[in-house]
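Chemist: Please see the structure below; I have some questions.
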Amino acid sequence: MALILTFLGTSNIARSKIAIAASKLLANQGKRVLLAGLAEPTLSILLGTSLSPDPQEIAPNFQAVQFQSSVLLERNWEEVKKLEAQYLRTPIFKEVYGQELVVLPGMDNALALNAIREYDASGKYDTIIYDGRGESSTLRMLGMPESLSWYVRRFRQLFVNSDLGKTISESPLIQPVITSFFNVNWTADNFAQPTNQVNNFLEQGRAALANPGRVAAFLVTTPDPIDVANSRYLWGTAQQIGLTIGGAILLAADEENSNLSAEFTPLPISIVPDVLNGEWQPLIDALPNFVKQALQAPKPIEIDVHTREVRLFLPSFDKKQVKLTQYGPEVTVEAGDQRRNIFLPPALSGKPVTGAKFQNSYLIISF
C-alpha cells in the first residue's frame, strides 16, 4: 500500500511547488512516486511538460497524471453499468454512454478519490502525492469514507426498522414483485447486500485515513498573515475528518518575519526557499521527513475505553467555535464548517455524555 500525501493551503502555486519538490525528493530516495494533479495547467507549467489523464514518466521513479473529471466519469461509467447488470434483471443504463455524461458539482471530488484508491490498489506506487485544491473541498473529499459510512449505517438501520422495511421483509406479495426486477433477494435482512462492496471500500478508506503511515497532509503557507490564518483554519478543520497533519511548510524568500512557531505549536515548521531560475534542489533539500513527522504528530482523535474518554485535537478553534451534541446513537462534534459523527467502540456506543471540556486545543468528552 502507498503513502498518500497531500498539501493544504490557499496559495495554489506554493502548494504545487511543494508537491513537485516532494515528488522529486521521494523519487530520488528510490520511492515509486505518482504525482496527481487537477486539469488546470499549473503542474504542467511548473514541470515543463504537458500532462495527460494517464500516468507518464517525468523522471526515474517519478510519474505524473492529470485528473480530468470528464475522462474519469466516462471510464467509471462502464463500471457502473457492470454493477447495474449484476443486480437488475433488465439494465437501463446500457442505453447511456459515458461520452455524453456531463460532470455535475461534487462529482470531481468523488472521481478523484476513487482514482487515488485505484492507483493505490494497483501496487505500482510507494507514494501518491495529490495536488488538489488544498482547502475545504479537499478535506471533504478525503473525509468521504467517514461521512458516507455514517449515512450507510444510520439510514440502513432506519430502513430496517421502518414500516416499509418490515413490509418488504414480511409481505408475501411484494417479494415476488421485487424478485422480478432484481437479481437479489432484496429483503430488510440483506438490505446491505448490494452495498457490501461499497461498505468495504468505505471501511478501507476510514482505516487508511486513521493511519498517518498511510494518509497524511502538510500545511503550506507563506509569511502573509492571511495565508497563515487560512492554514491554521485548515489545520483545525482537518482534524474533524481524522486527517493527520504532519507539519507546516513555510515558503519564504528569506527567514525575515518567518518565525511562526507559536502559530503552529506543536507542529514542526520547515522553512523552504522558493524556486529561482528553475533550480529545485535548494527547495528539495529543505523539505522535512514526511513519514517521520506524520507519525509523531498529534492524533486527531484518541479513545480511551478504560477512562471512558474521547479526546479530539482541535487546534485553531476556541471553546465558542466547538459544539457538541448527541441526537442519535453517536456523538456529533461541530467545529468550523465541518461536522463529525464519532464512531464509538461497543463499550461506549449509545452511552450518554456525562461531561465535556475544552482544554489546550483538546475537546475531552466523558461518558
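Chemist: Mind scanning K31/K299; K299/K323; K17/K357; K292/K357 and naming the pairs with a C-alpha gap bigger than 28 Å?
Modeler: Pairs exceeding the cut-off: K17/K357; K292/K357.
Chemist: Share of Cα-Cα pairs in segment 286-367 beyond 19 Å, in percent?
Modeler: Value for segment 286-367 (Cα pairs over 19 Å): 41 percent.
Chemist: Shifting gears a bit: Relative to a virtual label point 7 Å from the Cα of S366 in the Cα→beta-carbon direction, which members of segment 303-327 show backbone nitrogen distances below 13 Å?
Modeler: 307-310, by backbone N distance to the label point.
Chemist: By average Cβ neighbour count within 10 Å, what is the ranking of 20-26, 101-107, 55-61, 288-294 from highest down?
Modeler: Ranked from most to least packed, the peptides come out as 20-26, 288-294, 55-61, 101-107.
Chemist: Keeping the other protein chains in place, figure out the carbon and sulfur percent of the accessible area of segment 1-45, with a 1.4 Å probe.
Modeler: Ligands and nucleic acids excluded, carbon and sulfur reach 55 percent.
Chemist: If packing is taken as the mean number of other Cβ atoms within 10 Å per residue, what is the order of 200-206, 329-335, 223-229, 212-218, highest first?
Modeler: Final packing ranking: 212-218, 329-335, 200-206, 223-229.
The values are calculated or read from the model by the stated rules, or taken from the named source; none is laboratory data. Bear in mind that the values here come from a model prediction, so they are computed numbers and not experimental data. Please note: Cβ atoms are built from the backbone with ideal geometry, for glycine as well, and neighbour counts cover all protein chains shown. Calculation scope for accessible area: heavy atoms of the full protein, side chains included, ligands and nucleic acids excluded. Shrake-Rupley method; radii C 1.70, N 1.55, O 1.52, S 1.80 Å.
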